[in-house]
Amino acid sequence: MATTTHPGTPMKLSERIEPFLAIIGPMVMILAILLFMGVAEPARYFRLSNLNLILLDAALYMPMAMAMTFVITQRGIDLSIGSIAALSSIVMAFLIKQYGFSTPIAIAFALMLGALFGLINGLVITKFKVPDLIGTLAMDLVYRGLALVIAKGLVLARFPDLMTDIGRGQIPGFIPVPVIIGLLTMALGYWLLKKTYFGRYTVAIGSNPEAAEMTGIAVDRYKIYAYVLMGASAALAGVMLTGKLNAIQATSAPYFNLHVIAAVVVGGTSLFGGRASMLGSLAGVLLLSMMINALVTLRIEFFWQSVASGVVIVSSVALYTWLQKKDRDGAKGFVAGLTTPESLRLLRLCGLTGGGLLLLLLIGSLLSGAPVASG
């Protein structure tokens, strides 16, 4: 039974911080990375050129993180976004290179194509009742296969200046163009989540789909809307990736889905639905980009980057699951709740995770200073 807080009653610590839980977690991790890199590699990590690289990398995932926030909040998942990005971009590239379409028209067609793929995903899930995980995984194979068939192994490159401006351009004296695009999409997502029926219904569907349907919400329709938005956002990311590399091929964007899901979950959006944070998703995107950049700066192998990302995801989900329990305070307060056996196990897990990541960064920093043999 829900408890009522009377006027003048002091709020518990957990009640005070609950609205900010989604943003606190990734921000603490970001601060930890900044402090560590400030000691290990301050000259290289805090260069303006490196900060620009971090922003460019994060911007690529912002549109998809925005849309994935809605999908996951509705208790869904989309594993096909990498293939949608690749297929939409391949079609766009052929329109420009082979058929002479203007760049704006080709980009608009790619976005509509991505929205169509999202619509197909939504229909497969809602009308054929295929679980989100299986449905989008199967469609991922379909879209990737179509991209391979269309591209026939070709790498399409050297696009008009407008395309490269979208992917890596910069307004003189201002932030990069893709960062502006990414932030605008996050702002749009925040507005949709907080100010529209779509956002409110998304949270309601994720909290309890059956109850939402009984209150008159068209659950299937709003799920389809979320997947359409996801498809269009993936296509936009594909356009940005094409401009960033000035090239595209059918095998591009293989890990988009895992990176985006990780960013959204780390940002505090619940995998069990009903809880969303657009600001948390933005912080999660920045966190993963900063972490991967730190590992690259320390010359740590790519495979260890994947290990670090996975550890951060597991720790974040465990932490948010614990924090979201309404009875964590009990009668003795928030601090007393930390002394329960379950809480102590979680604290040990977080300590081991943090220690492991710091050890990994330390090893990388030591190896980065090792002399390189010349031949």
Lone unmet requirement of (1) within 26 Å of the chain's Cα centre (by Cα); (2) closer than 29 Å to ALA218 by Cβ; (3) not basic (Lys, Arg) for PHE128: (1)
Please indicate, with yes or no, whether at least one residue in region 10-32 is surrounded by 16 or more Cβ atoms within 10 Å (Cβ to Cβ), within 28 Å of LEU148 (Cβ to Cβ) and either at pLDDT 90 or above or of a type in the set (Gly, Ala, Ser) (or both). no
Residue match in region 200-214 (condition: β-branched (Val, Ile, Thr) and outside any helix (DSSP H, G or I)): no
Being open to solvent by 30 Å² or more (accessible area, probe 1.4 Å), over 20 Å from THR164 (Cα atoms) and either among the small types (Gly, Ala, Ser) or in contact with a helix residue (DSSP H, G or I) (Cβ under 9 Å, 6 or more places away or on another chain) (or both) narrows LEU116, LEU111 down to just LEU116
Just one listed residue, out of LEU193, LEU183, is open to solvent by less than 30 Å² (accessible area, probe 1.4 Å) and either within 21 Å of the chain's Cα centre (by Cα) or touching a residue at least 24 places away in the same chain (Cβ under 8 Å) (or both), and it is LEU193
Using beta carbons and a limit of 6 Å, which pairs, at least six apart or on different chains, have the first residue in region 268-291 and in contact (Cβ under 8 Å) with a residue 24 or more places away in the chain and assigned to a loop (DSSP other than H, G, I, E, B) and the second one open to solvent by 10 Å² or more (accessible area, probe 1.4 Å) and of a type in the set (D, E, K, R)? GLY273/ARG75
When region 141-158 is examined, which residues are found to be in contact with a helix residue (DSSP H, G or I) (Cβ under 6 Å, 6 or more places away or on another chain) and either more than 23 Å from MET68 (Cα to Cα) or open to solvent by 30 Å² or more (accessible area, probe 1.4 Å) (or both)? ARG144, LEU146, ILE150, ALA151, LEU156
Selection over region 125-139 where residues are surrounded by fewer than 20 Cβ atoms within 10 Å (Cβ to Cβ) and either assigned to a helix (DSSP H, G or I) or aliphatic (A, V, I, L, M) (or both) yields a count of 6
Just for region 215-249: of the residues that are in contact (Cβ under 8 Å) with a residue 12 or more places away in the chain and not in a helix (DSSP H, G or I), which one is least open to solvent (accessible area, probe 1.4 Å)? ILE248
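The values are calculated or read from the model by the stated rules, or taken from the named source; none is laboratory data. In this text the structure is predicted, and so the values were computed from the model without any measurement. No Cβ is skipped: glycine too gets one built from the backbone with ideal geometry, and neighbour counts run over all protein chains shown. The area values use the complete protein model at the heavy-atom level, side chains included, leaving out ligands, DNA and RNA. Shrake-Rupley method; radii C 1.70, N 1.55, O 1.52, S 1.80 Å.
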